[in-house]
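What follows is a single structure, written as C-alpha cells, with notes after it.
Quick note: the coordinates plus some simple rules give every number you see, no bench work behind them. For clarity, every value in this text was computed on a predicted model and none was experimentally measured. Here the Cβ positions follow ideal geometry from the backbone for every residue, glycine too, while neighbour counts run over all protein chains shown.
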Amino acid sequence: MSAPQAGPLCAFVAMLRVEQASLTERWMKAVFRDDVLNDSDKLTYEQLADHLPNVFDEIGVALENEDLDKVEPAIERNARLHGKMRWRQGYRVDELVRELELFRQVLTGAVMQFAEAHPEFTRRSEERARYYIDEALSFVTLTSIREVMTERDRKIDEYTGRLERANHELQLKQHLVSDLYESRMQITRSVVHDLRNFLNVFSMALQLAARTPSKTETALALANRQAADMKALVDELVEYAVVLRDADTVAIEVFSLRELFDELVASCRPPVEAKGLRFATSFDGQLAVVSSNRLKLKQIALNLLTNAAKYTKTGQIGLTMTGDGDDHWRLRVSDTGVGIGQHDRERVFEEFERIAGDDVPGVGLGLAIVKELCRVLDGEIHFDSREGLGTTFEIRFPMVLKLKD
C-alpha cells in the first residue's frame with residue numbers, strides 16, 4: 001500500500017472536493033435527461049444523491065493513495081446500501097448501471113477539464129486518474145447489482161414461501177375438494193418446482209456479468225428477463241387452479257418468435273450440452289411476430305425440452321420453429337432418447353404418468369401441463385415415437401390467438 005504524497009493526483013482530488021456540489025448537480029441533470037432512467041423522476045434530490053458524497057470521498061482517498069485496497073471495504077458497504085436503496089425505489093438493473101455510468105462520465109469529464117487547465121497534470125497522471133475512477137465505479141456497479149439480485153432472490157423466496165404455505169393449507173382441506181381439484185393443486189406444486197429452471201439461467205447470467213465485463217449488457221438483459229418471467233409465473237401460480245379452468249382468461253400480447261426462440265436456445269443449450277448431447281436448432285426466417293401468450297408458450301417449450309433431456313442419454317435434442325401457411329406456425333421438439341412404447345401412448349399426457357423408471361427425475365406432470373397449456377393457446381399437439389429411437393412432439397399454433405367466448 002502506497003503512502004499519501006503530494007502531486008498532480010492530490011491536486012486533482014482537491015479540485016474534486018471543491019467542485020463536488022457542481023459535479024453532483026451536473027450528474028443529476030444528466031440523470032434526469034436520460035431516457036433510460038424513467039424511475040429517477042420519482043426521486044427527490046436527497047434520494048437520488050443519497051450515497052454520492054461517500055463515493056466522492058472514497059474515490060478521492062483512492063486517488064490520493066493510488067491504492068483501492070484502502071477504501072474497498074467502505075466502497076463495498078456504500079455500494080450495497082446504494083443497491084438496496086435503488087431496489088426499494090423501483091429501479092431496474094439497467095437503470096442502476098446507467099446512472100453509475102453517467103457518474104463515471106461526469107468524473108471523466110472533470111479529469112479532462114483539469115488536464116487542460118493544468119499542464120503539470122501529465123498524460124500519465126490523467127491515465128492514472130481514469131484508471132482509479134473506472135476501477136472504483138466498476139466495483140460500485142458490480143456490488144450494487146449483486147445487492148439488487150439478493151433483494152430479488154429474497155422476494156422470490158417470499159413468494160415461493162407463500163405458495164408453499166397456501167398449498168399446505170389446501171392439503172389439510174383435501175377431504176373438502178374433489179379428486180380433480182386435488183390433482184390441480186399438485187400441478188401447482190410441480191410448477192413451483194420447475195421455477196428452478198428459471199433460477200439456473202438467472203444465476204448463469206450473473207456469473208457471465210461478473211466474469212466477462214464485455215458481455216454485461218447481454219447478461220443483464222437475460223437476467224432481467226428471467227427475473228420478470230419468474231415473478232410473472234409466481235404471481236400466476238397463486239391462482240393457478242382458476243387459470244386451468246375453462247373459464248380462465250389469457251393475457252394476449254404481440255411478440256417476436258425469434259426473440260423467444262433465442263431465449264430458449266440460450267436457456268437450454270448449457271444443460272443439454274452438459275449432458276454430452278448435441279443441441280440442434282432451426283428457425284424459419286419467415287416467421288415474425290405472433291399474437292399469443294409468450295410466457296405460456298415458453299412454458300410449453302421448456303417442459304418439452306426438459307422432458308427430452310431427461311429421457312435422452314446419447315445423441316441430440318432438437319428445437320425447431322417453422323411456418324405453416326399464413327395463419328399458423330409449428331413448434332417441434334425432438335430427441336434420440338428412450339422413446340415411448342405402444343402401451344404407453346394412451347396415457348402419455350395423463351397427470352403423474354411416467355414412461356421410465358425412478359432413475360429419471362420428475363413426477364410425471366410435464367406433458368400433462370403441456371397438454372393443458374396447448375388447450376388454452378389453441379394448439380394442436382401430435383407426437384411420433386419409436387421405442388429406443390426417440391420422440392418428436394409437434395404443436396401447431398395460430399399466428400393470432402383469439403379469445404374464446
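Things to note:
- For Ala136, the shell of other residues with beta-carbons less than 10 Å away shows a net charge of -3, using +1 for Lys and Arg and -1 for Asp and Glu.
- Sites matching GluC sites (Glu not before Pro) across the stretch 59-148 that sit in DSSP coil, with at most 12 neighbouring C-beta atoms within 10 Å: Glu120
- Cut-off 12 Å between beta-carbons: net charge of the residues surrounding Glu101, Lys and Arg +1, Asp and Glu -1: -4
- Above-threshold pairs, the threshold being 27 Å between Cα atoms, out of Lys313/Lys371; Lys310/Lys404; Lys371/Lys404: Lys310/Lys404
- Protection proxy ranking, highest mean first, for peptides 250-256, 288-294: 288-294, 250-256, where packing is the per-residue count of other beta-carbon atoms within 10 Å, averaged.
- Interchain or long-range residues, amide H under 5 Å from Gln316's placed H: Arg278, Thr336
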